[in-house]
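Reviewing the structure listed below.
The values are calculated or read from the model by the stated rules, or taken from the named source; none is laboratory data. What you are looking at is a predicted structure, and each value in this text was computed from that prediction instead of being measured. Heads up, the Cβs are rebuilt from the backbone with ideal geometry, glycines too, and the neighbour counts pull from every protein chain shown. Remember, those area values only see protein heavy atoms, side chains included, never the ligands or the DNA or RNA. Shrake-Rupley method; radii C 1.70, N 1.55, O 1.52, S 1.80 Å.
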Amino acid sequence: MKTRFLNKILPLGVGMMAVAFAFATEGKSSTKDESSTLYIYDNLECTEVSMECDNVQIYPCTFEGERLHLIKDSQTSCSVALFNSFETN
């Protein structure tokens, strides 16, 4: 009797737990907020600024009219231009 009970209920319980755990996990967003240290190319120099870009490729991400970059290659070179889902001034 005990074996029949386990053979029928155990798979059902495991299946229900699997479904519950699947819904409990968080999905990752397809867009990553870039809020770490960013850089602008200003006066022939790559300068550090504090700004956020959501990196949705609609509008260029800017800070005081200058394009924001993710990587500082050297003192005079910035790379990986970032974007925003809204226009910044």
Next item on the list: Can you tell me how much longer the chain between N55 and N43 gets when fully stretched, taken as 0.36 nm per residue apart minus their C-alpha distance, in nm with one decimal?
Entry: 1.8 nm
Notebook entry, point to check: In square angstrom, rounded to the nearest 10, how much accessible surface does C53 have for a 1.4 Å probe?
Noted result: 0
Next item on the list: Sort S50, S36, S79 from largest to smallest accessible area, using a 1.4 Å probe on the heavy atoms of the protein chains.
Entry: S50, S36, S79
Notebook entry, point to check: Considering only DSSP states other than H, G, I, E and B, which chymotrypsin sites (Phe, Trp or Tyr not before Pro) in the range 59-89 qualify as loop sites with at most 16 other Cβ atoms within 10 Å?
Noted result: F86
Checklist line | Proximal charge balance of Y41 [Cβ under 13 Å; K/R count +1, D/E count -1] | finding: -4
Note to self: How much length would be gained if the chain were fully extended between S77 and M17, taking 0.36 nm per residue of separation minus their Cα-Cα distance, in nm to one decimal?
What the structure shows: 16.4 nm
